[in-house]
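J.: I'd like to ask you about the structure that follows.
The values are calculated or read from the model by the stated rules, or taken from the named source; none is laboratory data. This is a predicted model, so every value here is computed, not measured. Counting neighbours? That spans all protein chains shown, and the Cβs are built from the backbone with ideal geometry, glycine included.
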Amino acid sequence: MSETLALSARGIFKSFGSVRALQGVDLDVGRGEIVGLIGDNGAGKSTLIKILSGFEVPDAGTIAVNGQIRVMRSPKEARALGIETVYQEQALADDVTVARNLFMGKELHRRLAFLKVLDDKAMRVESKKMLDELRLRVDVDQEARFCSGGERQGIAISRAIYFNARVVILDEPTNALGVVAVDRVLGLVAGLKERGISCIFISHNIQHVVDICDRIVMFVHGSKVLDTARSETSADQLIAMLNARSGATISAPGEPGAPDRHPGPE
Ligand SMILES: Nc1ncnc2c1ncn2[C@@H]1O[C@H](COP(=O)(O)OP(=O)(O)O)[C@@H](O)[C@H]1O
Ligand SMILES: [Mg+2]
């Protein structure tokens, strides 16, 4: 590939006691590329995401961001490098306003005589612009607890765009969402690509993955078993592979019992 990769993980190992969660995985994410990461529960997907977003440190392996090897010891360090992670629950602080959530950790200030004080007015104005751009109709003055699941995802994605994230990681962002909200989140992910932002998208819903991703990677028991262009595969083929590899039964998308929701705790 001639252009520099947005993110490149090489030979990542991670164990928790006797559990070998990752056994030497590689993952590349090109600029503006949407990579779908799939695999059974316990395959190691979230562990890799936690490593890429600074929540966990790998036992071995390297991570390059924009072509440079980096060590990320905290989520703050990962965010400073342009890696934003959107989880179902952790994305927002419930008891503060939407505007304050959008500027969490990056608050705007103004001078008042010799004091530096929070500039709530500027944050509200900028927040409205951010949400308007994604056509999200959310009151920036309401506390985040009153936002629906889809709105929460949208707010987290807005923040990632506004602060120039290079890579947005979504770990099962659509699990608890209704149909309309899921469509909106999938639309927002497609919008990231248009802005040249890369995305790692984890979902149990294989149809969502094939609908929006450019490349699809499958993990089984902590190893990568598939890394293929979207055009080279299909939802049926991926589901068959998952069933064969993991021994689990995953029904086709749209069938009753299709695993739209994560069956176990994260
Ligand atoms: N903090 C932890 N402590 C102990 N075991 C963990 C921890 N995090 C993950 N694991 C284990 O690592 C394996 C991979 O988990 P995870 O990365 O969450 O898989 P996935 O997201 O693909 O479902 C599982 O066996 C899980 O139980
Ligand atoms: Mg997970």
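J.: When residues of segment 21-58 are filtered for being near ligand 1 (Cβ under 8 Å from one of its atoms) and charged (D, E, K, R), how many remain?
T.: Residues in segment 21-58 being near ligand 1 (Cβ under 8 Å from one of its atoms) and charged (D, E, K, R): 4 in total.
J.: Between a first residue in segment 159-178 that is more than 24 Å from residue 100 (Cα to Cα) and a second residue that is within 16 Å of ligand 2 (Cβ to nearest atom) and of a type in the set (Val, Ile, Thr), which pairs have beta carbons less than 8 Å apart while being 6 or more apart in sequence or on different chains?
T.: Partner pairs satisfying both residue conditions: 172/202.
J.: Would you please name the residue that is surrounded by the most Cβ atoms within 10 Å (Cβ to Cβ), looking only at residues in segment 64-85 that are in contact (Cβ under 8 Å) with a residue 60 or more places away in the chain and in a loop (DSSP other than H, G, I, E, B)?
T.: Going through the qualifying residues, I end up with 82.
J.: For segment 32-41: of the residues being at pLDDT 95 or above and out of contact with any Lys or Arg (no Cβ under 6 Å at 6 or more places or on another chain), which is nearest to ligand 2 (Cβ to nearest atom)?
T.: The selected residue is 38.
J.: While we're here: Examine segment 185-198 for a residue that is touching a helix residue (DSSP H, G or I) at 6+ places or on another chain (Cβ under 9 Å), within 22 Å of residue 5 (Cα to Cα) and within 16 Å of ligand 1 (Cβ to nearest atom), and state whether such a residue exists.
T.: There is no residue in segment 185-198 that is touching a helix residue (DSSP H, G or I) at 6+ places or on another chain (Cβ under 9 Å), within 22 Å of residue 5 (Cα to Cα) and within 16 Å of ligand 1 (Cβ to nearest atom).
J.: Could you tell me whether residue 121 is out of contact with any Lys or Arg (no Cβ under 7 Å at 6 or more places or on another chain) and closer than 23 Å to residue 195 by Cα?
T.: So residue 121 does not fit the description; no.
J.: Based on this model, can you work out whether residue 73 counts as more than 17 Å from the chain's Cα centre (by Cα) and closer than 29 Å to residue 58 by Cα?
T.: So residue 73 fits the description; yes.
J.: Here is a further query. With the checklist (1) surrounded by fewer than 22 Cβ atoms within 10 Å (Cβ to Cβ); (2) within 24 Å of residue 162 (Cα to Cα) in hand, flag the one item residue 42 doesn't pass.
T.: (2)
J.: Considering only segment 158-206, state which residues are modelled with pLDDT under 85 and within 16 Å of ligand 2 (Cβ to nearest atom).
T.: Selection gives 172, 173, 174, 175, 176.
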